[in-house]
Amino acid sequence: MDERTFGRSQQHASVVGLGTWQLGADWGDVDDKEALSVLEAAAESGVTFFDTADVYGDGRSEQTIATFLSGRPDLHVLVATKMGRRLDQIPQNYVLDNFRAWNDRSRRNLGVDRIDLVQLHCPPTPVYSTDEVFDALDTLVEEERIAHYGVSVETCEEALTAIARPGVASVQIILNAFRMKPLREVLPAAREAGVGIIARVPLASGLLSGKYTKDTVFPENDHRAYNRHGEAFDVGETFSGVDYTTGVEAAAEFSALAPDGYTPAQLALRWIIEQPGVTTVIPGARSPEQARANAAAAKLPPLSDETLAAIGDLYDRRIKDQVENRW
């Protein structure tokens with residue numbers, strides 16, 4: 001699979017990575033054997049970038065990655081984790097002592113002395129403008145606890161503030177066919193600054209797979225059931241913030257745009273891959289079959305101008321007004 005470079009850090013990532021929130025929690029139950037099978041299928045399909053966080057399953061996702069990689073010393077996988085959501089979400093908690101404590105825990109979970117890439121995990125907005133926060137992150141690099149750092153953001157404004165920081169190697173942001181605002185505001189700035197873009201929630205929590213209907217029932221421990229209105233965290237993380245009924249209807253239209261040989265999910269991933277400035281897209285997977293199908297999107301033919309225009313028209317008609325004023 002093709003790899004792209006995070007400009008400032010010169011680290012490499014496959015154009016399709018693997019998001020591992022599903023392997024930790026909040027997406028229903030995934031047993032350990034199945035989780036390891038997902039990682040194996042992704043790696044065998046050419047994926048060289050795993051994204052995780054210290055709160056995914058309270059460390060389970062990090063530990064599962066460590067278990068898998070310990071048995072595959074032949075693999076060269078860039079592992080990015082996130083930190084910051086183990087305490088109340090107030091700016092005062094984003095300080096060096098907490099960073100060191102969170103980092104110690106993640107390094108133990110991952111079984112490494114130094115983590116490839118650590119990202120602030122969608123912190124409160126003032127954190128992105130606080131010099132002391134980035135001084136603390138620089139200290140973690142100096143102490144060789146981490147190789148590089150980035151941020152995960154909710155809004156385009158947060159992304160632009162982070163990109164202006166010289167030490168930020170990457171920005172992780174929601175980008176998909178139902179969330180296009182970053183194309184105009186964030187990706188051009190990131191390209192100019194040499195900041196990598198990690199595109200998350202690429203399938204809008206599964207909506208863009210075309211598998212769901214208005215009658216679909218999600219398990220109680222799945223955020224698509226308990227966070228539809230932002231009850232637990234930012235509602236933009238669930239169905240990209242799109243009203244579910246609207247999302248299902250728009251997803252049916254989107255599915256009809258898939259060219260021959262594409263699944264709707266692969267169309268969604270291919271659309272992201274082709275956006276200038278994207279370094280890697282990180283779909284999750286709950287089965288080896290999903291992981292392989294996601295990775296296969298990297299080798300599909302480029303989308304036609306007609307398909308790209310139709311996707312843009314669908315967004316403008318059905319989705320834009322719901323999301324652009326919030327994120």
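Each reported figure results from applying straightforward, stated rules to the coordinates on display, with no laboratory input. Nothing here was measured: the structure is a model prediction, and the numbers come from that model. Using ideal geometry, Cβ is built from the backbone for each residue, glycine included, and neighbour counts are taken over all protein chains shown.
Oblate is the label for the stretch 29-84. Its Cα gyration tensor axes, ordered a ≥ b ≥ c, give a/c of at least 1.5 and b/c at or above a/b.
Estimated at 0.36 nm per residue, the fully extended path between H229 and D88 surpasses their Cα-Cα distance by 48.8 nm.
So if we plug the beta-carbon distance of R191 and D58 into 1/(1 + (r/R0)^6) with R0 = 45 Å, what FRET efficiency do we get, rounded to 0.05? Spell out each step's value before the answer.
On the way: r = 36 Å, r/R0 = 0.80.
FRET efficiency, R191 to D58: 0.80.
Each residue of the stretch 234-251 was assigned a 3J(HN,Hα) from its phi angle through the Karplus expression (A = 6.51, B = -1.76, C = 1.60, θ = phi - 60°), giving 3, 5, x, 6, 10, 6, 6, x, 7, 3, 4, 4, 4, x, 5, 5, 5, 5 Hz with x at Gly and Pro.
Across the alpha-carbon atoms of the stretch 1-98, the computed radius of gyration and Dmax are 14.7, 42 angstrom.
Write down Rg/Rh for the stretch 181-272, rounded to two decimals, with Rg from the C-alpha atoms and Rh from the Kirkwood relation over Cα pairs. Walk me through the numbers on the way to the answer.
Values: Rg = 14.8 Å, Rh = 14.5 Å.
Reported Rg/Rh (Cα atoms, Kirkwood Rh): 1.02.
Here K211 is the anchor, and the lysines within straight C-alpha reach of less than 28 Å, apart from those fewer than 8 places off in the same chain, are K33, K181, K299, K320. With all projection directions averaged, the alpha carbon convex hull of the stretch 43-146 covers 6.7 nm². DSSP loop (so not H, G, I, E, B), at most 13 other Cβ within 10 Å: list which trypsin sites (Lys or Arg not before Pro) in the stretch 218-327 pass both filters. Taking the stretch 218-327 and a limit of 13 other Cβ atoms within 10 Å, the loop trypsin sites (Lys or Arg not before Pro) found are R326.
How far, in nm, would the chain grow between E40 and R184 when pulled straight, counting 0.36 nm per residue and subtracting the alpha carbon separation? Walk me through the intermediate numbers first.
Details: separation 144, 0.36 × 144 = 51.84 nm, distance 3.58 nm.
Net length gain for the segment: 48.3 nm.
Computed 3J(HN,Hα) for the stretch 211-216, one whole-Hz value per residue from the Karplus formula 6.51 cos²θ - 1.76 cosθ + 1.60 where θ = phi - 60°, is 8, 9, 10, 4, 9, 4, glycine and proline marked x. Using only Cα atoms and rounding to the nearest 10 degrees, what angle (0 to 90) does helix 131-142 make with the longest principal axis of the chain? Result, in degrees: 70. The calculated 222 nm mean residue ellipticity attributable to helices in the chain amounts to -10500 deg cm²/dmol, summing -39500 (n - 2.57) over DSSP H runs of n ≥ 4 and dividing by all residues.
Percent of alpha carbon pairs in the stretch 230-327 separated by more than 19 Å? Write out the running numbers ahead of the final one.
On the way: 2378 of 4753 pairs.
It works out to 50 percent of all Cα pairs.
Take the Cα of V217, go 7 Å toward its beta carbon, and the backbone nitrogen atoms of the stretch 236-251 under 20 Å from that spot belong to 244-245, 248. Taking a ≥ b ≥ c as the square roots of the eigenvalues of the alpha carbon gyration tensor, the stretch 138-195 is prolate, as a/c is not under 1.5 and a/b beats b/c. Dividing the alpha-carbon radius of gyration of the chain by 2.2 N^0.38 Å (N being the number of residues), what value is obtained? The value comes to 0.93. For the stretch 80-178, the list of GluC sites (Glu not before Pro) that fall in a loop by DSSP and count at most 12 other C-beta atoms within 10 angstrom reads E143, E144.
A simple rule links phi to the HN-Hα coupling: the Karplus curve 6.51 cos²θ - 1.76 cosθ + 1.60 with θ = phi - 60°, which for the stretch 168-181 gives 6, 8, 8, 10, 9, 9, 6, 9, 6, 5, 10, 8, 9, 3 Hz, with x for Gly and Pro. Using only alpha carbon pairs under 8 Å that are at least six residues apart, calculate the relative contact order of the stretch 171-228 and give it in whole percent. The value is 35 percent.
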